[in-house]
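To start, the structure itself, in structure tokens.
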Amino acid sequence: MIRSRTRRLVIAPAILAVGAIAFTACSASDSGSEEGSADATGGTLTIYTAAEEVSFDPASSQNLAITTLGLNARRLTAWSTDPNAPTEVVPDLATDTGTASDDGKTWTFTLKDGLTFEDGTPITSEAIKFGLERSFAPELSGGLTYHKLLLEGGEDYTGPFDGEHLDSIETPDDQTIVFHLNRPYGDFSWVASTPAFAPVPLESGDPETYAQDPVASGPYAVESYQAGNQVVLTRNEEWDPETDEARTGGPDEIVFKLAQDASVVAQSLIADRSDAQDAFLAGFVPPAQLVQAQNDPNVGDRLVTSGPGALEYLAINTESPQLEDVRVRQALQYAVDKTAYLTAKGGEISGDIATTLITPGIEGREEFNLYAEDPAGDVDEAKRLLDEAGASDLDLRLVVTEDNVAAAEAIQQSLARVDISVTIQPLDNAAWSAEVAAGDGSAYDLTLSSWQPDIPSPNANLTPLFDSSQIGGGNYNLARYSNPEVDEALLAASSELDADAAAEQWTAIDRTILEDSPVVPLIYSRNSFLHGSGVTNFEIGEFPSYPNYLKVTLGE
Amino acid sequence: MTHLVRLVRGIAVLLVVTALTFAIFYLGPADPALSMCGKPCSPENLEAARAFMGFADPWWQQLWTFLTSIFTGRSFGSESVAIECAAPCLGYSFQMHQSVTSLIVERFPVSFAVALGAIVLQTIVGVALGSLAARRQGSLIDRAITGGAVIAASAPSYVVGLLLLLAFAFSFDLLPTGGYVPFADDPLDWFLHLLLPWITLAVLNGAVYARLVRSSMIEQLGLDYVRTARAAGLGERRIDRYALRNLALPVTTLTALDVGALLGGTVITERVFGLPGMGQLLLDATGTIDLPIIVGATLFSALLVILANLAADLAGPLLDRRLATTKKSLRPTRQKVNTP
């Protein structure tokens, strides 16, 4: 899931490439759109996407809780997003966001009364259990796997299709579901909003067909599916808005137009053509059209830019012999010119300068800066640290994906200020994944990457990037950072059930890691989206940097 | 005998293409199992995904399995929920949840529709403009046509496509900006959606035809038989007909090559106009490292090119009986210049 353009629609944005946006511009607008009654209904909303297919199989989906899959499938919990407040976890199929036992290892959820699938059959705890069990089957791999690492006995379980069941999920009655975890986990309410927690009726769920022919629990059912062409969603009459605080179910029909050229669609949206008025583009606005949209008075607030979101960073390979000394790594913190990087990325509309690892919009985040006050860096301090470490003639390999070359040059030039020579090696996405994310670490000294957490918890910011278990094998600890104390602290903080206490611990870990300097935080990127004049309630919350599809409406 | 040689040669080419595609992608650094591993990706999950997708075997074994499953089909996964890929199985795309064969069956009609219209349009436009230029050699029209042809032939297809979109879709709002409507759903809408892609390709390829026809035509018009015919008092229209008939062979050869290439998908044109054809399929698969699609679609495209060339070879003797090796030609045996 590296570098945004996957064929899957929006884009489990773990690591997402914020395309190089080639200019500087005025400050980003608010991430809201025009006012409109939240409960306006009717009309056909068109969503244009470059993706060839959209998968509606929750087991293999990495969708955020507020995008495509959320239109069709509800989960135990959901997200409430707001452009001016951190995202909150809210009950979805469950009556609350879950109750933990005192030791934090057992979580219990109760389903609301009267919930039904699109065919009128009741949504039971069994259906949720079946949905989760499916996600363990090898033929349905590829989704978010947080629950698979937490549920007791999950490591040996291979799915329900052989008639085997996962005993750590109990369903004492039709409305109660109990999860037994292998360790205490404070964020389980959030994990319960990931796709695999969607119900799947027991007699359905064929791995070969369910992605295109799912059974709806949310406001929209899949009416027709033509891969590469279009997907039509129509209203699921069984869905009851009274039971759902995350979705408004505005449009009567939603059509996904697949395999679209983003530039052409962006042009249509800018011109507000008749077929693009009740529509939006799922992907980011391409650089050329972004300039055009900003300068076109007719576009106005139809161009919606998110607040600061995903962390873009320079990962320092801590296993590289030249970078083993922490003082050398700290020198890089002072040497890097973040302003130049931001300019290479397109300027202010593309992001804000970053100083912490936990990203904005996440509850409990604390802003701090351990290194140079000036985002352009502190060359003298960097040189002092390098001298102290006795490091000279540093020659580093910066391995990046092809779309990051301009940004890499900004890094190269800023490090040249302290006499560190940098060789840039651009790779295509697949080769980069293989060499950097899945390699043995010998191929690079530095790399550029970007991370947006899958759930709005500091845990999702820090554990995937800095836990020693996440080194190599296609995971994202690209700095190959291994610190037993940090591992332990990550475990402790993620086990903490009290939110305030956890937040304090997360901030402390953020500081500890940055003192070790395995990565240089560069910017929190902003994403820009375009919609037609008929679209209302097109809003981007503080997290994630994507519009909330579940609340988009048409008309006033 | 020669047909047999052609057949064997064709099959050999297909085998080489398959083996090369395999080598390039399977031996490269990319690991297709990574995309199926999930997030976070545990080593056990990665191993399971690799085994399930059939990428755990050595590459030569994978190649052998691929080749045999074209005839026998194969299945992926455990007995309980095996994913079946029936013969002719060109692999299974786990990202698209579909066998490559069924993807090709779905996408090919789109590329076929694009190719058919483009071929017709570009041949007509190319032959008409080319012969017109040849007839008026050295005139303003000739220069305009040859000049225009150079520009058109060297313009990248996305430029032509976007210009046409700008003119007909954005400025005048006459035609849709993209997408595809199956013929069976609405023939008129089908036509309207394909018109701009056809014109785009016709502009690009038609220019090549125009240049070919112009130069061959000029050559023909300078030959003895034309002079004789003219001396005999034959009308210029009639002379044109004879000259053009002699162009049938080179034009057919060129068309055959184009048919093969166009059926295999037009990457850029399909992308610009949002057409779900073979080119789009292949392009996206390259981006997402969907190896089964890359290998399967490449093999299929190669097959199309080979078939198209074969068709051109076979058509040759029909169009020019000097190429016929047997006495049983379908054309009249006497090639005579009509006398008045």
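Computed from the coordinates by the stated procedures, all read-outs in this text should not be read as laboratory data. All values derive from a computational prediction rather than experimental measurement. Here the Cβ is made from the backbone with ideal geometry for all residues, glycine too, and neighbour counts use every protein chain on show.
A compact table of results
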| quantity | calculated |
| --- | --- |
| Fraction of beta bridges assigned by DSSP in the protein assembly as shown that are antiparallel (%, nearest 5) | 75 |
| Estimated D of the range A:423-556 in µm² per second, where Rh is the Kirkwood radius over Cα pairs and Stokes-Einstein applies at 20 °C, 1.002 mPa s | 124 |
| Spin-label pair A:A501/B:D186, simplified geometry with 7 Å Cα→Cβ offset, distance in nm | 6.2 |
| The range A:192-272: GluC sites (Glu not before Pro) in DSSP loop, at most 12 other beta carbons within 10 Å | A:E203, A:E237, A:E245 |
| Of B:T288, B:T298, B:T18, the one that fluctuates the most in a GNM where chain B has Cα springs shorter than 10 Å | B:T288 |
| Average beta-carbon neighbours from other chains, 10 Å sphere, peptide A:51-59 | 3 |
| Exercise: per-residue mean of other protein chain Cβ atoms within 10 Å, B:95-106 | 4 |
| Cβ-Cβ FRET estimate between B:T65 and A:E164, R0 fixed at 41 Å, reported to 0.05 | 0.90 |
| Residue among B:V16, B:A82, B:W60 farthest towards the positive dipole end of the range B:2-99, charges placed on Cβ | B:V16 |
| Modelled FRET efficiency - R0 22 Å, A:S101 with A:S80, Cβ distances, 0.05 increments | 0.30 |
| Cβ-Cβ FRET estimate between A:L370 and A:D440, R0 fixed at 45 Å, reported to 0.05 | 0.90 |
| Of the DSSP H helices in chain B, those whose Cα atoms cover at least 20 Å axially and whose Kyte score averages 1.0 or more | B:2-26, B:100-135, B:140-154, B:248-263, B:291-319 |
| At q = 0.11 Å⁻¹, base-10 log of I(q)/I(0) for the range A:226-311 (Debye sum, equal scatterers on each alpha carbon) | -0.43 |
| Per-residue Cβ neighbour rank within 10 angstrom, fewest leading, A:V326, B:V16 | B:V16, A:V326 |
| Lys, Arg +1 and Asp, Glu -1 on Cβ, resulting dipole of the protein assembly as shown about Cα centre, debye, nearest 20 | 8140 |
| Radius 14 Å from Cβ of A:G131, net charge of other residues (Lys, Arg +1; Asp, Glu -1) | -1 |
| Added length on full extension, which subtracts the Cα-Cα distance from 0.36 nm per residue, B:Y242 to B:I11 | 79.4 nm |
| Protection proxy ranking of A:126-133, A:100-107, A:351-358 - average other beta-carbon atoms within 10 Å, highest first | A:126-133, A:351-358, A:100-107 |
| The range A:420-556, dipole about Cα centre (Lys/Arg Cβ +1, Asp/Glu Cβ -1), debye to the nearest 20 | 560 |
| Point-to-point label distance, A:E515-B:L20, nm (Cα→Cβ direction, 7 Å offset) | 5.9 |
| 222 nm mean residue ellipticity, helices alone, for chain A (DSSP H n ≥ 4; -39,500 (n - 2.57); rounded to 500) | -6500 deg cm²/dmol |
| Extreme residue, positive dipole direction of the range B:2-99, given options B:H97, B:A51, B:L7 (C-beta unit charges) | B:L7 |
| Residue with peak Gaussian network fluctuation, chain B [Cα springs, cutoff 10 Å], from B:V17, B:V295, B:V267 | B:V17 |
| 222 nm mean residue ellipticity, helices alone, for chain B (DSSP H n ≥ 4; -39,500 (n - 2.57); rounded to 500) | -22000 deg cm²/dmol |
| Neighbour-count order for B:R241, A:R526, fewest beta carbons within 10 angstrom listed first | B:R241, A:R526 |
| Of A:K112/A:K148; A:K338/A:K383; A:K129/A:K551; A:K105/A:K551; A:K129/A:K257, those spanning more than 23 Å from alpha-carbon to alpha-carbon | A:K112/A:K148; A:K129/A:K551; A:K105/A:K551; A:K129/A:K257 |
| Candidates B:G264, B:G126, B:G287, ranked by Gaussian network fluctuation over chain B, Cα under 10 Å, top entry | B:G287 |
| 10 Å Cβ neighbours from other chains, averaged over peptide B:107-114 | 1 |
| Net dipole in debye of the range B:2-99 [+1 Lys, Arg Cβ; -1 Asp, Glu Cβ; about Cα centre; nearest 20] | 440 |
| Alpha-carbon Debye profile of the protein assembly as shown, log10 I(q)/I(0) at 0.08, 0.10 Å⁻¹ | -0.79, -1.16 |
| Ranking of B:M53, B:M96 by count of other Cβ atoms within 10 Å, fewest first | B:M53, B:M96 |
| The range B:106-328, Cα convex hull volume normalised per residue, Å³ | 158 |
| Selection of trypsin sites (Lys or Arg not before Pro), the range B:107-210, meeting DSSP coil and at most 15 other Cβ within 10 Å | B:R136 |
| In nm, spacing of pseudo-spin labels at A:D113 and A:S392 (7 Å Cα→C-beta vector) | 8.1 |
| Of A:Y146, A:V200, A:P214, farthest towards positive along the dipole that unit charges on Lys, Arg, Asp, Glu beta carbons give the range A:95-224 | A:Y146 |
